[in-house]
1. If residue 28 satisfies all but one of (1) touching a helix residue (DSSP H, G or I) at 6+ places or on another chain (Cβ under 9 Å); (2) part of a helix (DSSP H, G or I); (3) buried (at least 21 other Cβ atoms within 10 Å of the Cβ), what's the number of the condition it fails?
2. Among (1) in contact with a helix residue (DSSP H, G or I) (Cβ under 9 Å, 6 or more places away or on another chain); (2) in contact (Cβ under 8 Å) with a residue 60 or more places away in the chain; (3) surrounded by fewer than 17 Cβ atoms within 10 Å (Cβ to Cβ), where does residue 325 come up short?
3. Here are 291, 319: which of them is more than 28 Å from residue 46 (Cβ to Cβ), out of contact with any strand residue (DSSP E or B) (no Cβ under 9 Å at 6 or more places or on another chain) and either in contact (Cβ under 8 Å) with a residue 24 or more places away in the chain or not assigned by TED's automatic domain parsing to the domain that holds residue 349 (or both)?
4. If you check residue 304 against the conditions, is it in a helix (DSSP H, G or I), out of contact with any strand residue (DSSP E or B) (no Cβ under 8 Å at 6 or more places or on another chain) and in contact (Cβ under 8 Å) with a residue 40 or more places away in the chain?
5. Taking the conditions exactly as written (modelled with pLDDT of 95 or more and more than 24 Å from residue 258 (Cβ to Cβ)), does residue 165 satisfy them or not?
6. Under 6 Å between Cβ atoms, at least 6 apart or on separate chains: pull out the pairs that start in segment 133-156 with a residue that is in the same structural domain as residue 114 (by TED's automatic domain parsing) and at positive phi and end on any residue that is surrounded by 15 or more Cβ atoms within 10 Å (Cβ to Cβ) and part of a helix (DSSP H, G or I).
7. Would you check if residue 377 is outside any helix (DSSP H, G or I) and either over 18 Å from residue 249 (Cβ atoms) or touching a residue at least 40 places away in the same chain (Cβ under 8 Å) (or both)?
8. Within the bounds of segment 91-109, is there any residue that is part of a strand (DSSP E or B), modelled with pLDDT of 95 or more and in the same structural domain as residue 154 (by TED's automatic domain parsing)?
């Protein structure tokens, strides 16, 4: 099947402005009438929330390690309906992966697998002619895909942009397709796990973002397909259950500003396997939904809501369910909220659900990062700025590296965010009574 039209927006390194350029480009093209199918390279929750807020449709993660090559191809095809333009935001620097240059997990590997052209984001601050050898070096390592142009971020003025464009043109390198001024970089704030959440601040003024992005129209337009003529198509239907591993199961899922790290593909998978999903909010004090067969506590930012969560009336119903043997899967922030106490960065202790005899403490430095795989083949990712007090409990997972987690009865908890479609039988067993 032919790949849908689109491109991957990559960068020379993290903090280059990929997300800002991606949002600006999405905003511009949507204003012109294009329908955008957004995607994010690598394991990420926050950038896809920004994509979804702007494009009004879920942004799926694509990744050659955690998601897998064939599954990434399938997701791109399935979630780019006819007439849509796929825009994939890269991860870290273009060639940064688990190891090597452009190896598995990198944006370069994904671009090659998906056969998508790459637009390279360059931080232009304090740079003129040096952009030429920088881009030339990135082009030299482009195997299996092409870098079709550059968008410069943090550009000082139109004359500065002309210097960058001339340097690329003189050396027959991919052209400068556009640029964003220095002040545009202030549009998005950051916190310890990346960008602020969309609900933490207003979506950047789309009109200003569109105006800020200066595109070289004669160079950029040929990269785009014709504007779609057909009317807006229906949303892509969820595929029918392939195995029915969770047929008839009622799965309760915590979802609010404190528990918001949910891959759309995980929610799709649960429904494809026959589960009915029931969302509830610990921040609102919602009780556990009635007659549920399993509970999923995903990650998020419980440390930012310590006061509210410490007084949540949700926890009593969760404790009762845990005592009755309900299967519970708690990931990262969900695990932190499952413990006795969460200590925030200010050293303030907050009582939590009390499902596990543990205390978690926020740290100023990164405490864990990387792809993870369980002995069964289940894949996931670990990324956290907190530590867990050791508890004399059995480990929950047999992982090759990273946090093996802890287990108490039918409650499995760890710092790992799991990608459910990677091991359907295993994940279904975690959400089922023995």
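The values are calculated or read from the model by the stated rules, or taken from the named source; none is laboratory data. Just so we're clear, the structure is a prediction, and the values are computed from it rather than from any experiment. Methodologically, a virtual Cβ is constructed for each residue, glycine included, from the backbone with ideal geometry; neighbour enumeration extends over all protein chains shown.
1. (3)
2. (1)
3. Among 291, 319, only 319 is more than 28 Å from residue 46 (Cβ to Cβ), out of contact with any strand residue (DSSP E or B) (no Cβ under 9 Å at 6 or more places or on another chain) and either in contact (Cβ under 8 Å) with a residue 24 or more places away in the chain or not assigned by TED's automatic domain parsing to the domain that holds residue 349 (or both).
4. So residue 304 fits the description; yes.
5. yes
6. That search, which allows pairs on different chains as well, returns 144/112; 154/185.
7. yes
8. So far as segment 91-109 goes, no, none of its residues is part of a strand (DSSP E or B), modelled with pLDDT of 95 or more and in the same structural domain as residue 154 (by TED's automatic domain parsing).
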